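Step one of this worksheet: look at the structure below.
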Amino acid sequence: MKFGATLGKWLDMPVGTTRWTWRKFWADTSLAYLFLLPSLAVIGLFSLYPVVKAFTLSLTNYFSPRVPAEFVGFQNYREILQDPLFWKSVKNTAIYVVGTVPITILLALGIAMLLNRKIHLRAFYRLAYFVPYVTTAVAISMVWAWIFHDQWGLLNYMLGWFGIPAQKWLLEPKWTMFTICVLAVWKGLGYTVVLFLAGLQNMDRELMNAARIDGANENQVFRHITWPMLSPTTFFITITAVINSFKVFTELFVMYGGRPGPLREGITIVFYIYEKAWDDHVMGYASAAAYILFFMVLAVTVFQFWYARKRVHYS
Amino acid sequence: MQENAVAGSPVWRSVKAVLTHVLLMFGAIIMILPLYWMVATSLKTYPETLAYPPKFIPSIPQFINYVDAWYSQTHFARYFYNSFYVTIVTMVTEVIMTIFASYAFARMKFLGKNILFGLFLSTMMIPGEVLLVPNFITITKLNWYNTYAAMIVPFTVSVFAIFLLRQHFLQIPFELQEAAYLDGAGHTRFLFQIMLPLSRPPIATIALLKFIGSWNAFLWPLLVTQSAELRTVPIGLMSLMQDEGLKYHIWMASATLAMIPVLVVFLAAQKQFLESVAKSGLKG
């Protein structure tokens, strides 16, 4: 009875729960687990178990299911941290994060603010900006490779209108991260616009109008009302955008025909993991690199939460 | 009077409106241009693709390019079949599993609920790419390498979808549940007869998200399949790019073909879809 009372309190059951409601509770518990069983099995096998498995693998020299793996401690981690190619992949990934997230957020916020009023064609604009987001990455990377073509590409032709000389976008390593960032901003912009637009439309307009009547100009309204009120949306967008940009792979892989850019100069962390695991077949080593990626993403996310603590205002 | 104080004089207002449209239209053209360029190139002749300055409108649209693209790869029909098969099975399975899981989390009291829900949510923080190697090993151990199951099963659960549908289920009045209970309906009947008919929009969104994600998937299907009989459209496209050399009109026709299913599905449901995406951000 004592146990029942404690359990009831913990489970938020009503005071004076009878034997009959307890029976219903246990019946519900079994039914709930029946409902959850398929999802739980998939999550367990393909999301939770591999987190543990990746770590144990990263401490071995595993490379094939047929060869018994040996425990090597933190050897893989030591080797990765001394590999210049790994650091190049970290640098390129960082360039990609910095080259896509802030620009996407700024452009999207601007577009969302323009769209956040009664204007004609609003549905059309929203659709036009969003369509790239649903395009097939492989197909659209082929299209961009064609646009970036140094001889017959649309980009060089259009830059010619402004007297800008043709560049070898896909052949010179200095442009590799640039081309990937352009594609990523183009593809992801509309999604961010839609999220910002929702955030803006969800705001209380009375407050802004009151401030305007009191003589505040548009800049002041934006700085002191719109921006702080939008901060939860901005925070959500930043967190998810940063996590996603750490995973950059497919666009690079397709645009450069399966190679990490010309002279391998555009390698990213996921590309590094991919090459180690599936070209070199050092899967223990690749797991260690994956774990380093995991911790980097985690550290950046924790930092963002810490940074946002005082700057995000939930009403 | 008050309107003017807020929005400025009528002249300034119309100048602003025109400027807004100019900016937005310029942006929209840039967003659409790559897709337009893809379709335009796909309808050109080979010499026309190499013309300089490039032609924005093909002189005579070469619809035959699409036939050529379809037959350039002997397996293209097979790739489409595989993509549809994997996408639809993944989508249907996911929707069914999501309905049950979301209902349990939204409407049932059970032992360990908060712990389990926390566990589910925590998986959203793990970048999927980190799990590629262990999951690949699991697939080989299950003897699923080079099977449909390898491409389908790992993607039948989306915690994001469960979260989305749970939010929706939570908004349906609890009085309905009590009334149904007094009428003798248990959880299962309540779920199917009352909750589901009230939840068509979020379920459609979840299905659409999965359709797009699954159709566009590249890295995982590439890793777990080997034979051409099992490969999906994106992977077939990739190999086309490596085979075909410089025939850009055929590439672009193939790229267009590959994208038609997602674009059609998206355009058919775009209004509903954009609203749900917008809502997902507000709750985050």
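Here B:V133 passes the criteria (1) touching a Ser or Thr at 6+ places or on another chain (Cβ under 7 Å); (2) crowded, with 22+ Cβ neighbours inside 10 Å; (3) under 24 Å from B:S199 (Cα atoms) except the one numbered (3). Among the residues making up the range B:148-167, those that are open to solvent by 40 Å² or more (accessible area, probe 1.4 Å) and under 14 Å from B:A104 (Cβ atoms) are B:F163, B:R166. Taken over the range A:176-192, residues that are among the hydrophobic types (A, V, I, L, M, F, W, C) and modelled with pLDDT under 95 amount to 0. Selection of first residues in the range B:1-19 that are closer than 17 Å to A:H120 by Cα and of second residues that are aliphatic (A, V, I, L, M) and at pLDDT 80 or above, restricted to Cβ pairs under 9 Å at least 6 apart or on distinct chains, gives the following pairs, ordered by first then second residue: B:A17/A:I119.
From the list A:L155, A:L159, A:L189, the one residue that fits, being touching a helix residue (DSSP H, G or I) at 6+ places or on another chain (Cβ under 9 Å) and open to solvent by less than 40 Å² (accessible area, probe 1.4 Å), is A:L189.
Please indicate, with yes or no, whether at least one residue in the range A:124-144 is of a type in the set (D, E, K, R) and farther than 18 Å from A:Y191 by Cα. Give the steps one after another, and end with the answer.
Filtering the range A:124-144 down to residues of a type in the set (D, E, K, R) leaves A:126.
When the remaining residues are screened for being farther than 18 Å from A:Y191 by Cα, the result is none.
Within the range A:124-144, not a single residue is of a type in the set (D, E, K, R) and farther than 18 Å from A:Y191 by Cα.
I'd like to know if the range B:182-194 contains one or more residues that are open to solvent by less than 30 Å² (accessible area, probe 1.4 Å), among the hydrophobic types (A, V, I, L, M, F, W, C) and within 30 Å of B:V130 (Cβ to Cβ). Scanning the range B:182-194 turns up no residue that is open to solvent by less than 30 Å² (accessible area, probe 1.4 Å), among the hydrophobic types (A, V, I, L, M, F, W, C) and within 30 Å of B:V130 (Cβ to Cβ).
Scanning the range B:88-130 for residues that are surrounded by fewer than 17 Cβ atoms within 10 Å (Cβ to Cβ) and outside any helix (DSSP H, G or I) returns B:K109, B:L111, B:G112. Can you name every residue in the range B:258-276 that is touching a Phe, Trp or Tyr at 6+ places or on another chain (Cβ under 7 Å) and either crowded, with 20+ Cβ neighbours inside 10 Å or closer than 12 Å to A:M142 by Cβ (or both)? Residues satisfying the conditions are B:V262, B:F266, B:F273, B:L274.
As a summary of the residue check, A:R78 satisfies the conditions (1) over 19 Å from the mean Cα position of the chain (by Cα); (2) free of Cβ contacts under 8 Å to residues at least 12 places away in the same chain; (3) within 7 Å of chain B (Cβ to nearest Cβ) except for the one numbered (3). For the range B:40-52, the candidate set comprises residues that are open to solvent by 60 Å² or more (accessible area, probe 1.4 Å) and part of a helix (DSSP H, G or I); within that set, the residue that is nearest to A:L127 (Cα to Cα) is B:Y46.
Does any residue of the range B:161-169 turn out to be in a helix (DSSP H, G or I), within 10 Å of chain A (Cβ to nearest Cβ) and either of a type in the set (S, T, N, Q) or free of Cβ contacts under 8 Å to residues at least 12 places away in the same chain (or both)? No, the conditions are met nowhere in the range B:161-169.
Inside the range A:245-277, residues that are buried (at least 23 other Cβ atoms within 10 Å of the Cβ), assigned to a loop (DSSP other than H, G, I, E, B) and among the hydroxyl-bearing types (S, T, Y) make up a count of 1.
Got at least one residue in the range A:81-88 being touching a residue at least 24 places away in the same chain (Cβ under 8 Å), open to solvent by less than 50 Å² (accessible area, probe 1.4 Å) and within 14 Å of another protein chain (Cβ to nearest Cβ)? No.
Among the residues making up the range A:23-65, those that are more than 7 Å from chain B (Cβ to nearest Cβ), exposed (fewer than 15 other Cβ atoms within 10 Å of the Cβ) and without any contact (Cβ under 8 Å) to a residue 12 or more places away in the chain are A:R23, A:K24, A:W26, A:A27, A:S30, A:L34, A:L37, A:A41, A:G44, A:V52, A:T56.
Going by what's in this entry, would B:I203 be described as open to solvent by less than 20 Å² (accessible area, probe 1.4 Å), in contact with a Leu (Cβ under 9 Å, 6 or more places away or on another chain) and either of a type in the set (V, I, T) or at the interface with another protein chain (Cβ under 9 Å from one of its Cβ atoms) (or both)? So B:I203 fails the test.
So in the range B:133-148, with the set limited to residues that are within 25 Å of the chain's Cα centre (by Cα) and more than 7 Å from every other protein chain (Cβ to nearest Cβ), which one is nearest to B:W220 (Cα to Cα)?
B:F136
The values are calculated or read from the model by the stated rules, or taken from the named source; none is laboratory data. Remember, it's a predicted structure, so these values are computed and weren't measured experimentally. Reconstructed Cβ throughout: ideal geometry from the backbone, glycine too, with neighbour counts over all protein chains shown. Just the protein is used for accessible areas: all its heavy atoms, side chains included, with ligands, DNA and RNA removed. Shrake-Rupley method; radii C 1.70, N 1.55, O 1.52, S 1.80 Å.
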